[in-house]
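The values are calculated or read from the model by the stated rules, or taken from the named source; none is laboratory data. What you are looking at is a predicted structure, and each value in this text was computed from that prediction instead of being measured. Neighbour counts are summed over all protein chains in view; Cβ atoms, including those assigned to glycine, are modelled from backbone coordinates with ideal geometry. Areas reflect the complete protein model, heavy atoms only, side chains present, ligands, DNA and RNA absent. Shrake-Rupley method; radii C 1.70, N 1.55, O 1.52, S 1.80 Å.
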Amino acid sequence: MGKRCNKGVGQTKSGDESLKRWGEVLEGINIHKKPDYQNKKRVLARLTARARRRLWAFAILKSLGIHGHNLNLLQSLRPVLALYPTDKELVNETRKYLRRLNRKSLEKFRNSLKGKGNLIIMVVGCIKNEKQLRNTIGRIRQAQTKFSVVGIVGSKNKADWKIKYDNKYGILQLPCSDGYEGLTEKIIWGCLAIELGKGGTTVVKVDEDTKSIDSRKIETLRNQMILEGAKAAGSPISVETPLQIDRGWHLGKSKGKSNWQPYEGIGPKIWMSGGAGYLLMPEAVQTVGDFALHSWQFVKSQIYEDLTISWIVDSCCGKIHWIEQLEKMGIENERSRDIMEGSTYHNPEDLKEDKRK
């Protein structure tokens, strides 16, 4: 039965063993025979059947040497990945598929990173304001050459798995929403794309309004985080209860129902300010990016990227280093200037005081 399963999900004469883990998982789901799980079993059988067909088709196309096909692999694999989000082998295999499907774009992306170390400044922009994004990327690149600089934008018109890299301007176009309401999607897909292109990379997330970045301060901060074992760093914003976050921050900035529907979720009680910028160590970049694979519906339900990224890191990855004096981070933009001038929404003392009560 095991051998038949492995062939069913796409084993070919080429000796490709990369589908082995997927075959084992799908077979394991199918042999679930407890009588009180009959309804669940029927649903799982449909999910595994879809995944088998998609993997089989993928393997056939690969064996024929066809890499640039339009096969939406993630649509069928995500539901199974959601059942096993901690199965690293399964997630790794899915990353391999995405690398193959985006082989040419990722090759261009990797070539652009050569000789720049393992830290990337990720500038978040949108297609509507792409001129500003290009200018920001150019300005940061010209001011410092130690780190790579890449911009990210979203495009709902792209296939679910498709990444495009504009080598001229250094911009990754990602298969997700490009509007304000899709900012969380963009950051998480951006982390996944960077992980696919160059694993083991530290990411500094900044917005397109960034004026300058001090590479020496960034390097000092990263070294301090390595000593502490921290996985991320940012300027803290805190609330007494997760229900106190501004649920209307996005209103008037978004599209569709998001523009008139208040946010109804929760988040952490303390998080990294997205406007001021934050730093993600390689483990955090991988953990965050993997949410585009196994928890995409959760990602799409989140509007506030800084809350979500902080939530994921704190819950799934490890310690966050809180930057009390933002000038030590070396990022200058509109929000960082406000914070350094004393204009803050909240501060860590709010949280400490709440705990003392």
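In percent, rounded to a whole number, the relative contact order of the range 99-195 is 26, using alpha-carbon pairs under 8 Å and six or more apart.
Annotation: Cα Rg of the range 196-279 relative to the compact-globule expectation 2.2 N^0.38 Å equals 1.37. Counting only Cα atoms, the range 180-220 measures 30, 27, 12 Å along its principal axes, largest extent leading. Couplings 3J(HN,Hα) of the range 193-198, computed from phi: 4, 5, 5, 5, x, 8 Hz, in residue order, whole Hz [Karplus 6.51 cos²θ - 1.76 cosθ + 1.60, θ = phi - 60°; x for Gly and Pro].
Measuring between alpha carbons in the structure, the pairs from LYS20/LYS158; LYS131/LYS168; LYS156/LYS257 lying more than 19 angstrom apart are LYS20/LYS158. Rolling a 1.4 Å probe over the protein heavy atoms gives the range 232-339 an accessible area of 41 Å² per residue. Extension gain, SER155-ASN223: 0.36 nm per intervening residue step, less the Cα-Cα distance, totals 20.9 nm. Could you state the angle between the C-alpha long axis of helix 282-294 and the longest principal axis of the C-alpha atoms of the chain, as a value from 0 to 90 degrees rounded to the nearest 10? With both axes taken from Cα atoms, the answer is about 50 degrees. Pairwise alpha-carbon distances in the range 86-175 exceed 21 Å for 37% of all pairs.
Per-residue 3J(HN,Hα) values for the range 240-252, derived from phi via the Karplus relation 6.51 cos²θ - 1.76 cosθ + 1.60 with θ = phi - 60°, read 6, 9, x, 7, 8, 5, 6, 7, x, 4, 8, 5, x Hz in sequence order (x marks Gly and Pro). Solvent exposure of the range 60-199 amounts to 44 Å² per residue of accessible area, where only protein heavy atoms count and the probe is 1.4 Å. Computed from Cα positions, the angle between helix 305-316 and the longest principal axis of the chain comes to roughly 60 degrees. Between 0 and 90 degrees, the angle of helix 74-83 with respect to the longest Cα principal axis of the chain falls at about 80 degrees.
Which percent of the accessible heavy-atom area of the chain goes to carbon and sulfur, probe 1.4 angstrom?
Here it works out to 50 percent.
Here the alpha carbons of the range 44-134 define both size measures, Rg and Dmax, at 17.0, 49 Å. Between VAL91, VAL123, VAL43, which gets the highest mean-square fluctuation from a Gaussian network model of the chain, Cα cutoff 10 Å? The residue that fluctuates most here is VAL43. Please give the Cα centre distance for the range 41-57 versus the range 253-309, rounded to the nearest Å. For the range 41-57 versus the range 253-309, the Cα centre distance is 30 Å. When its C-alpha radius of gyration is set against 2.2 N^0.38 Å (N residues), the range 255-337 gives a value of 1.20. Taking amide H as placed 1.01 Å from N in the peptide plane, the amide H of LYS319 sits under 5 Å from that of LYS231, each at least 5 places away or on another chain. Per q in 0.16, 0.20 Å⁻¹, report the Debye log10 I(q)/I(0) for the range 151-306, using one uniform scatterer on each alpha carbon and no solvent. So the normalised log intensities work out to -1.01, -1.50.
What the Cβ-Cβ distance of ILE60 and CYS316 gives, at R0 = 51 Å and to the nearest 0.05, is a FRET efficiency of 0.90. Toward the positive end of the charge dipole of the chain, with +1 on the Cβ of Lys and Arg and -1 on the Cβ of Asp and Glu, the farthest Cα among ILE323, THR48, TRP271 is that of THR48.
Here the range 64-206 is assigned +1 on the Cβ of each Lys and Arg and -1 on the Cβ of each Asp and Glu. Its dipole about the Cα centre then comes out at about 660 debye. Phi angles across the range 109-117 convert, under the Karplus curve 6.51 cos²θ - 1.76 cosθ + 1.60 with θ = phi - 60°, into 3J(HN,Hα) values of 4, 4, 4, 6, 9, 4, x, 10, x Hz, Gly and Pro given as x. Each principal axis of the Cα cloud of the chain was taken in turn, and the coordinate range along them, longest first, works out to 66, 51, 44 Å.
Listed peptides 220-227, 296-303, 265-272, 178-185 appear in the order 178-185, 265-272, 296-303, 220-227 once ranked by packing, highest mean of other Cβ atoms within 10 Å at the front. Positive-end ranking of ILE121, ASN157, THR287 along the dipole of the chain, with charges on Cβ about the Cα centre, is headed by ASN157. Using only alpha-carbon positions in the range 252-291, the gyration tensor eigenvalues give semi-axes of 26, 13, 12 Å once each is multiplied by 5 and square-rooted (largest first). Counting only Cβ charges, +1 for Lys and Arg and -1 for Asp and Glu, the dipole size of the chain around its Cα centre is about 2200 debye.
Amide H contacts of SER235 (H built 1.01 Å from N, in plane; Pro and chain starts excluded): SER273, ILE323 sit under 5 Å, all sequence-distant by 5 or more or on other chains.
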